[in-house]
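Structure first, commentary second.
Please treat every number below as a calculation from the coordinates, not as lab data. This is a predicted model, so every value here is computed, not measured. Cβ: placed from backbone, ideal geometry, glycine included. Neighbour counts: every protein chain shown.
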Amino acid sequence: MKIAIIGTGYVGLTTGTCLADFGHQVTCVDNDPKKIEKLKQGKSPIFEPGLEELIAKNKQTGNLIFTDEIGPVVKDSEVIFICVNTPPKEDGHADLKYVEKVAREIAENINGEYKVIVDKSTVPVKTAEKVKETILRYSIDQAKFDVVSNPEFLKEGTAVKDTMEPDRIVIGADSQKAKEKMLEVYKPLIDKTNAPVKIVSVRSAELIKHGANTFLATKISFANLIAQTCEEAGADALEVLEAIGLDERIGRYFLNPGIGFGGSCFPKDIAAYKKTLEILGIDSSLVESVQKINESAIEKFLQKIEKELWVIDNKEIAVLGIAFKANTDDIRNAPALKLIKKLKSDGANIQAYDPQAMENAKKEIPDIKYFDNPYEAIKGVEALVICTEWDEFKNLDLQKIKELMVTPIIFDGRNIFNPAKMKELGFRYYGVGR
Ligand code: UDX
Ligand code: UDX
């Protein structure tokens, strides 16, 4: 099947590459010519495990091509996925200007043949109706199409795996023809994985995505609330949450306390869902509490650092990990950025290291020292702060670290080390909730 992907970010590029791998003929479009140039050379503009290899494989078979010209691709494709970004506006609402722009571009190029337009970007409920209205309003020909919602559940860092082995495939379609086309798109994946397919109304599909992300964010904030309780009450949050999570109704995943959730999705999606609740006249205080607890996670962690170090001014502090989570180069809403900016404004000299995110970090915070390996970043510092749970950090030589530091103080924002072992090694060690 001929498929178009509009927007080659984390979501679009992964989706397009995987669909090509299923045997479809996929053209990925992006209005950023630099990105397209890189992709044409076989280089991935983002770090995502396994993605660059899969791009190369499918480029070679001719199933995957890249262009910055949307018109011919729209004319030539049966199914068109909209994967552009939906950033938050000041008031928390999702800014749909890119989705509208792409809908207009589709309208200008749609021909008489039936097409399925797929909303893959995370959008508020009823957006598909607006996309349909927009295409009808701006199309010249008698356009024949349906708008479908097909939310994406991939996580950065495991995006290829999540797409190839999904927990479920959600198709929100209100016409039989569109449902059949979408089942054809996913047939190779359904045959291979037996992934459950939920065929629902368009509005339900839109809400499934916001609902899922809000629930996961709520779990994390709940874990951070338990962590705060444990710190005050003298209990260990990991012991508490482990046992809570063993209840099958609750589950162990996404109950890890830390310095709060970041990334391009949770913060923006829960803000957009909160806005939707307000518009619909529904109490949004649950979502507001999730946001508040998330902000307090990083604030309380910073207070811990200030309390232990007393004066921050002129202290040498190492920060390991800048990405918002491990296995990605993405720093959007990364808690580490907030932490570095605050420590820097209090006068600290920051020495930073991240295995993948330093190129992006240098653009956002150019005036700190970056190092090519963790030991160099730690050398001569008075405290070490861990902000991302990279495996590389879990395997560090702790004895060597102790020798490199002026004072062996560690603030572990992701609980990657064991407090008892750290004490035994002679560190002053602070985790979260322990
Ligand atoms: C984004 C959203 O954050 C997510 O919620 C949504 O589900 C999908 O889009 P992501 O893939 O991480 O996820 O976004 P981003 O990396 O910003 O990629 C968007 C791409 O669209 C960029 O490459 C941008 O150049 C491109 N784009 C944007 C277009 O091609 N045309 C436009 O008009 C606007
Ligand atoms: C999320 C959703 O998981 C995914 O289904 C959706 O499609 C996009 O948004 P992503 O943002 O890529 O994916 O990463 P995720 O693994 O969900 O982590 C988000 C943030 O939560 C990270 O900052 C992570 O460190 C934090 N987190 C996660 C915790 O603090 N504790 C946890 O237990 C899990």
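Model label points for Glu52 and Lys402, set 7 angstrom from Cα along the Cα-to-Cβ axis, are 3.8 nm apart. Provide, for q = 0.19, 0.21 Å⁻¹, the log10 of I(q)/I(0) from a solvent-free Debye sum over equal Cα point scatterers in the stretch 298-430. At q = 0.19, 0.21 Å⁻¹ the computed log10 ratios are -1.07, -1.35. If R0 is taken as 51 Å, the Cβ-Cβ distance between Glu37 and Ile244 corresponds to a FRET efficiency of 0.55.
Rounded, prolate or oblate, given the Cα gyration tensor of the stretch 2-200, with a/c below 1.5 counting as rounded? Could the numbers behind the result be given before it?
On the way: a/c = 1.32, a/b = 1.21, b/c = 1.09.
Note, shape of the stretch 2-200 comes out rounded.
Evaluated at q = 0.14 Å⁻¹, a Debye calculation over the C-alpha positions of the chain (equal weights, vacuum) places log10 I(q)/I(0) at -1.28.
Where Lys and Arg each count +1 and Asp and Glu each count -1, what net charge lies around Gly7 among other residues with Cβ under 12 Å from its Cβ?
Working: positive: Lys35, Lys101, Lys120; negative: Asp30, Asp32, Asp68, Glu105, Asp119, Glu152.
So the environment of Gly7 carries a net charge of -3.
Cβ-Cβ distance of Thr229 and Lys198, R₀ of 41 Å, FRET efficiency by 1/(1 + (r/R0)^6): the value works out to about 0.70. Below 8 Å, C-alpha to C-alpha, sequence gap of six or more: please give me the relative contact order for the stretch 2-200 in percent. Reported relative contact order: 20 percent.
Label positions at Lys341 and Glu376, each projected 7 Å from the Cα along the C-beta direction, are separated by 2.7 nm.
Over the chain, dividing the summed -39,500 (n - 2.57) contributions of all DSSP H runs of at least 4 residues by the number of residues returns a 222 nm mean residue ellipticity of -14500 deg cm²/dmol. By DSSP, the beta bridges lying fully in the chain are antiparallel in about 5 percent of cases. Comparing Ala94, Ala143, Ala128 in a Gaussian network model of the chain where C-alpha atoms under 10 Å apart are linked, the largest mean-square fluctuation is found at Ala143. For the stretch 235-368, a Kirkwood hydrodynamic radius built from all Cα pairs, placed in the Stokes-Einstein relation at 10 °C and 1.306 mPa s, yields a translational diffusion coefficient of 94 µm²/s.
The slack in the chain from Glu180 to Gln303, taken as 0.36 nm per residue of separation less the alpha-carbon distance, amounts to 38.8 nm.
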